[in-house]
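Since the structure comes first, as structure tokens, the remarks are kept for the end.
The values are calculated or read from the model by the stated rules, or taken from the named source; none is laboratory data. A quick note: this is a predicted structure, and the numbers were derived from the prediction, not measured. Neighbour counts are summed over all protein chains in view; Cβ atoms, including those assigned to glycine, are modelled from backbone coordinates with ideal geometry.
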Amino acid sequence: MTGDAPGGADRRSYGGRSLADRRADRRDRFRAAGLELFGTVGFARTTISALCAEAGLSRRQFYEEYSGSEELMVEIYDEIQSTTRDRVAEAVRAADHSDVDAVAHAAMTAYIDTVATDPRSVRCLFVEAGGISETMEKHRISGRDEWSAYLAEVIGILPTASSRRIDYGATAFIGSLTAVIHRWATSDDRPDHDEIVALLARQLVQLATEGASA
């Protein structure tokens, strides 16, 4: 059935569900399949047929949504990053901004509790997203720069804030953050969760205080 108004085709329904709803459901299922397979088998070893089987959908349906598996990987990567940044931002907003340690602790707790609880997310972010293509690499670097800018914004609201550039310091911190999270999330013998939060929070505080003292 089609609507008469402009855009009516986008409101077609089948079984009581609109076309937009059905397409959103497909994308949800393909993202879930991609997270599972890219995060366990690996991106290079995952075929379109395997993604479709995991999602319970057809190849035709896949290509109606995506140009290929790289576009799906980008969507998964962005969703993990966006969700993580939203939760970190929420934790930072709720923290006492006059207490640098409290802000850093809240931010790192939210980051770890969002990313490191799912080894598939860790693998997609820190392993599989690298080396896919030049386009994906540029996208990954852009994501890193977004985190650097966000950290600079967080530090800017703290009482330690100064006018000194911290973008390279923030980039160095992100490199440390991702290495620590990847090792911790994929190791059998690992320190307690709170030790890792404290370690990363200290590094974030150092970035903020050194920026202020320069």
ASP167 fails exactly one of the following numbered conditions: (1) closer than 22 Å to ASP113 by Cα; (2) modelled with pLDDT under 90; (3) charged (D, E, K, R). What is the number of that condition? (1)
Criterion first (surrounded by fewer than 16 Cβ atoms within 10 Å (Cβ to Cβ) and free of Cβ contacts under 8 Å to residues at least 40 places away in the same chain) does ALA32 satisfy it? yes
Which pairs have Cβ atoms under 8 Å, sit 6 or more apart or on different chains, and link a residue in the range 133-145 that is surrounded by 11 or more Cβ atoms within 10 Å (Cβ to Cβ) to one that is among the aliphatic types (A, V, I, L, M)? MET136/MET73; MET136/VAL74; MET136/ALA129; HIS139/VAL74; ARG140/ALA129; ARG144/ILE174
Say we look at the range 38-73 and pick out the residues that are assigned to a helix (DSSP H, G or I) and polar (S, T, N, Q); which of these is surrounded by the fewest Cβ atoms within 10 Å (Cβ to Cβ)? SER49
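Quick grid of which residues meet (1) out of contact with any Pro (no Cβ under 7 Å at 6 or more places or on another chain); (2) assigned to a loop (DSSP other than H, G, I, E, B); (3) basic (Lys, Arg); (4) not assigned by TED's automatic domain parsing to the domain that holds HIS182:
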{"residue": "GLU75", "(1), (2), (3), (4)": "yes, no, no, no"}
{"residue": "VAL88", "(1), (2), (3), (4)": "yes, no, no, no"}
{"residue": "ASP96", "(1), (2), (3), (4)": "yes, yes, no, no"}
{"residue": "HIS105", "(1), (2), (3), (4)": "yes, no, no, no"}
{"residue": "ALA110", "(1), (2), (3), (4)": "yes, no, no, no"}
{"residue": "LYS138", "(1), (2), (3), (4)": "yes, no, yes, no"}
For the range 147-163, does any single residue satisfy the condition of being over 16 Å from LEU207 (Cβ atoms), modelled with pLDDT of 90 or more, in the same structural domain as GLU195 (by TED's automatic domain parsing) and in a helix (DSSP H, G or I)? no
Subset of the range 18-34 [over 15 Å from ARG59 (Cα atoms) and either outside the structural domain of THR46 (by TED's automatic domain parsing) or assigned to a helix (DSSP H, G or I) (or both)]: LEU19, ALA20, ASP21, ARG22, ALA24, ASP25, ASP28, ALA32
One residue is enough: does the range 88-99 have a residue meeting the conditions within 24 Å of ASP145 (Cα to Cα) and at pLDDT below 90? yes
Being exposed (fewer than 14 other Cβ atoms within 10 Å of the Cβ) and either without any contact (Cβ under 8 Å) to a residue 12 or more places away in the chain or closer than 27 Å to MET73 by Cα (or both) narrows ASP192, ASP113, ASP118 down to just ASP192
